[in-house]
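Step one of this worksheet: look at the structure below.
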Amino acid sequence: MSNPTKIQFKMVLCLAIFFLAVLSFIIRLKTYDFKILPKTFICVFEKAKTSTEPNSIDVQIHEIMTLVNRTLPNVDFTFLNVTTSAKHSTATIVDYKPMYCVGDTITVRVEMCNYLGEKKSYGGDFLRARIFSTKLGAGASGEIKDFNNATYNVYFTLFWEGEVKISILLMHPSEGVSALWKSRNDGYKYIKYTGKFLNKSQEVETECGFCLDTKEEKCNYVEKRYGESFYCIRPPGVACEAFISLKSENSPYTNLSRVQKNLFIRFSNFGAEIPKLIQSVEVQKCSNRSRKVLTKCQIGMHPTFPSGYFFKRQWFPIYCNLSTSEPFTHISSCLANKMIYLMGDSTLRLWIEYFPKIIKTLKLYNNHGNGVHRTYLEFDLTNHIYIQWKKHGHPFVTQSFFSVKDHAYIASEIDRIGGGSNTIIVITVGQHFRPFPLDMFIRRVLSIRQAIENLFLRSPDTKVIIKSENTREMNNDVERFSDFHGYVQYLLVKDIFRGLNVGVIDAWDMTTAYESYRVHPQELFIKNQINLFLSYIC
């Protein structure tokens, strides 16, 4: 073969390889499901461009979003009377008996009908199930199985003797779930941020957010390692470094139609009790039943659902033994010489507000910060205890200005901690993410997991505990803050942190079991969360 012929052959071969590569890319592009978040990809790509890490995290986000998108119902309707009606649905105990034993499992069959009394043909309703005894201060969650044909099984384990009442609520019909899912991922329009800049001695306010649709000059506040970005419109003549504080407010934006809003009427089809043929069962202790002896609660245990139950207002996990004596009685010696970092939202700030009530030598240090969302520090010079609470990074939703000078994302905070056997980190995220597209929350949790993995490489004896988010009020602002949004996040947190050597405090299960409808749960829950926390580390 002559030289010109060889050159031509190589050129043809190179072109063939190039076209095969392009064809392969096009095929993959066509199978990539871009319909999931059509209005949020611009902001996602902006974040990806600022990241120095490989795009593997974006691939993970896409895979998780695809899975969630396929799991949730995608239904439309024209008339309200064809949607799920709690009043016309029924709940029946399968193979009912006049008496049950402690440890038995009962199954409740739920059949969902519409307002016409007709059996529906698809599932996806958002239900909440619990058993309880007000007299005994007892409660436990039920495990729900969706057969995707408007039939559900709810499984309850009977943990105490006496009368046990049953409650099954329709939190949202499947049509409402579908509407909320689409609305959440419509963009970043539900929360409006106002930033405050200092121009010499004068304060100047400007618009901030995650995706600003403007041609004005923007300040970009980037966390390059984890691909996080936040923007503010730059005030004229003011440096981006002069950004000092931030607040938010709910915008008037809604993605729900008038007929969809009718799906969220309290006590009608939102938080409505499903009628039961039998309201309660009788439970007794049976001599032939022996309870399994549980090992002490320890880091690395990942509870299933339900993870425990309340009895006499105390939480008992079902996967481990709290201890022979209440951990609170040894709290000072347990926490002696410990450095405790609480990272997250105000549901975790409740911990640092509660600690001085049980450790009298623990004192709050006045670090002269502004507002309730400042960094909190507590010291016990007698037992050498250090406790810090710090809010997580954007998004933080509050109507009062808070300082951004101590701002940091949780993953970055973890990267700065040396760790060690006397270091304890407690993390919770969720409530402030509900009004934003789910991909933002997934990115944050994945980055936290990565930071924890790196922490364990340099300091494997550091103790890390994940507290899930809890349920909150049932009010009219469901489009932003519905517990449906929180429940999706709760499940993702459990899955993403699975396999890590961390402790888990299932605040969602606790607040469901004892029917809490407060974003800041009462002291009963804080005490039981800290009790489990102490069991993990003492």
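The values are calculated or read from the model by the stated rules, or taken from the named source; none is laboratory data. This is a predicted model, so every value here is computed, not measured. All Cβ positions, even for glycine, are placed from backbone atoms using ideal geometry, and neighbour counts span all protein chains on display. Heads up: the accessible areas ignore ligands, DNA and RNA and are worked out on the full protein's heavy atoms, side chains in. Shrake-Rupley method; radii C 1.70, N 1.55, O 1.52, S 1.80 Å.
Pairs only if they're at least six apart or on different chains, beta carbon under 7 angstrom, first in segment 329-341 and in a helix (DSSP H, G or I), second surrounded by fewer than 17 Cβ atoms within 10 Å (Cβ to Cβ) and not aromatic (Phe, Trp, Tyr); list them, first residue then second.
HIS330/CYS538; ILE331/ILE358; CYS334/CYS538
Please determine, by comparing only the residues of segment 494-507 that are β-branched (Val, Ile, Thr) and open to solvent by 10 Å² or more (accessible area, probe 1.4 Å), which one is nearest to HIS172 (Cα to Cα).
Restricting to residues being β-branched (Val, Ile, Thr) and open to solvent by 10 Å² or more (accessible area, probe 1.4 Å), the top hit is ILE496.
Exactly one condition in (1) under 29 Å from ARG258 (Cβ atoms); (2) surrounded by fewer than 18 Cβ atoms within 10 Å (Cβ to Cβ); (3) among the hydroxyl-bearing types (Ser, Thr, Tyr) is not met by SER56; state its number.
Among (1) under 29 Å from ARG258 (Cβ atoms); (2) surrounded by fewer than 18 Cβ atoms within 10 Å (Cβ to Cβ); (3) among the hydroxyl-bearing types (Ser, Thr, Tyr), SER56 violates only (1).
Of the residues ALA86, ALA91, which single one is assigned to a strand (DSSP E or B), in contact with a Leu (Cβ under 6 Å, 6 or more places away or on another chain) and hydrophobic (A, V, I, L, M, F, W, C)?
Step by step, each of ALA86, ALA91 is checked, and only ALA86 is assigned to a strand (DSSP E or B), in contact with a Leu (Cβ under 6 Å, 6 or more places away or on another chain) and hydrophobic (A, V, I, L, M, F, W, C).
Which condition from (1) surrounded by 13 or more Cβ atoms within 10 Å (Cβ to Cβ); (2) under 32 Å from the mean Cα position of the chain (by Cα); (3) hydrophobic (A, V, I, L, M, F, W, C) is the one that VAL283 breaks?
VAL283 satisfies all of (1) surrounded by 13 or more Cβ atoms within 10 Å (Cβ to Cβ); (2) under 32 Å from the mean Cα position of the chain (by Cα); (3) hydrophobic (A, V, I, L, M, F, W, C) except (2).
Looking at segment 508-523, can you tell me whether even one residue there is among the acidic types (Asp, Glu), surrounded by 22 or more Cβ atoms within 10 Å (Cβ to Cβ) and within 20 Å of PRO317 (Cβ to Cβ)?
yes
Please find, within segment 447-469, the residue that is nearest to the chain's Cα centre (by Cα) out of those that are assigned to a strand (DSSP E or B) and closer than 25 Å to SER56 by Cα.
Of everything passing the filter in segment 447-469, ILE466 is nearest to the chain's Cα centre (by Cα).
Could you please tell me which pairs satisfy a Cβ distance under 6 Å, a separation of 6+ or placement on different chains, a first residue in segment 192-219 that is outside any strand (DSSP E or B), and a second residue that is among the hydroxyl-bearing types (Ser, Thr, Tyr)?
Correct list of pairs: PHE210/TYR188; CYS211/TYR188; LEU212/TYR231.
Taking segment 367-387 as the search range and keeping residues that are within 19 Å of ALA408 (Cα to Cα) and either among the basic types (Lys, Arg) or touching a Lys or Arg at 6+ places or on another chain (Cβ under 9 Å) (or both), which one is least open to solvent (accessible area, probe 1.4 Å)?
Among residues in segment 367-387 that are within 19 Å of ALA408 (Cα to Cα) and either among the basic types (Lys, Arg) or touching a Lys or Arg at 6+ places or on another chain (Cβ under 9 Å) (or both), the one least open to solvent (accessible area, probe 1.4 Å) is ILE387.
Taking the stated definitions as given, is ARG444 of a type in the set (D, E, K, R), within 23 Å of SER245 (Cα to Cα) and within 15 Å of the chain's Cα centre (by Cα)?
So ARG444 fits the description; yes.
Residues to consider are VAL222, VAL164; find the one that is in contact (Cβ under 8 Å) with a residue 24 or more places away in the chain, open to solvent by 20 Å² or more (accessible area, probe 1.4 Å) and among the β-branched types (Val, Ile, Thr).
Within the list VAL222, VAL164, the selection yields VAL222.
Hey, could you check segment 442-460 for residues that are buried (at least 16 other Cβ atoms within 10 Å of the Cβ) and of a type in the set (S, T, N, Q) and say which is nearest to HIS485 (Cα to Cα)?
It comes out as SER447.
Select from segment 381-403 the residues that are over 21 Å from the mean Cα position of the chain (by Cα) and outside any strand (DSSP E or B) and write down the one among them that is nearest to CYS240 (Cα to Cα).
Among those residues, the one meeting the criterion is PHE401.
For segment 121-139, check the following and say yes or no: at least one residue is without any contact (Cβ under 8 Å) to a residue 40 or more places away in the chain, closer than 19 Å to SER268 by Cβ, exposed (fewer than 15 other Cβ atoms within 10 Å of the Cβ) and not polar (S, T, N, Q).
No, segment 121-139 contains no residue that is without any contact (Cβ under 8 Å) to a residue 40 or more places away in the chain, closer than 19 Å to SER268 by Cβ, exposed (fewer than 15 other Cβ atoms within 10 Å of the Cβ) and not polar (S, T, N, Q).
Since PHE230 meets every condition but one in (1) over 26 Å from GLU473 (Cα atoms); (2) in contact with a Lys or Arg (Cβ under 8 Å, 6 or more places away or on another chain); (3) assigned to a strand (DSSP E or B); (4) among the aromatic types (Phe, Trp, Tyr), which condition does it not meet?
For PHE230, the failing item is (2).
Consider LYS182 carefully, then state whether it is at pLDDT 95 or above, closer than 30 Å to GLN450 by Cα, of a type in the set (Lys, Arg) and touching a Cys at 6+ places or on another chain (Cβ under 9 Å).
Spelling it out, it is not the case that LYS182 is at pLDDT 95 or above, closer than 30 Å to GLN450 by Cα, of a type in the set (Lys, Arg) and touching a Cys at 6+ places or on another chain (Cβ under 9 Å).
Taking only segment 472-493 into account, find how many residues are of a type outside the set (A, V, I, L, M, F, W, C), open to solvent by less than 30 Å² (accessible area, probe 1.4 Å) and in a helix (DSSP H, G or I).
7
Identify, by number, the condition in (1) open to solvent by less than 40 Å² (accessible area, probe 1.4 Å); (2) under 20 Å from the mean Cα position of the chain (by Cα) that TYR354 doesn't meet.
(2)
For segment 404-418, name all the residues that are assigned to a helix (DSSP H, G or I), crowded, with 20+ Cβ neighbours inside 10 Å and not β-branched (Val, Ile, Thr).
ALA411
So, in segment 293-312, how many residues would count as being part of a loop (DSSP other than H, G, I, E, B), touching an Asp or Glu at 6+ places or on another chain (Cβ under 9 Å) and not hydrophobic (A, V, I, L, M, F, W, C)?
4
Quick one: count up the residues across segment 140-157 that are touching a residue at least 24 places away in the same chain (Cβ under 8 Å), among the hydrophobic types (A, V, I, L, M, F, W, C) and either in a strand (DSSP E or B) or buried (at least 21 other Cβ atoms within 10 Å of the Cβ) (or both).
Result for segment 140-157: 4.
How many of the residues making up segment 254-292 are in a loop (DSSP other than H, G, I, E, B), in contact (Cβ under 8 Å) with a residue 12 or more places away in the chain, farther than 17 Å from ILE106 by Cβ and hydrophobic (A, V, I, L, M, F, W, C)?
Residues meeting the conditions: 1.
For segment 320-348, enumerate the residues that are at pLDDT 95 or above and open to solvent by less than 60 Å² (accessible area, probe 1.4 Å).
LEU335, ALA336, LYS338, ILE340, TYR341, LEU342, MET343, GLY344, ASP345, SER346, THR347, LEU348, listed by residue number.
What are the residues in segment 398-417 that are touching a helix residue (DSSP H, G or I) at 6+ places or on another chain (Cβ under 6 Å), more than 12 Å from TYR341 (Cβ to Cβ) and β-branched (Val, Ile, Thr), if any?
Hits for segment 398-417: nothing passes.
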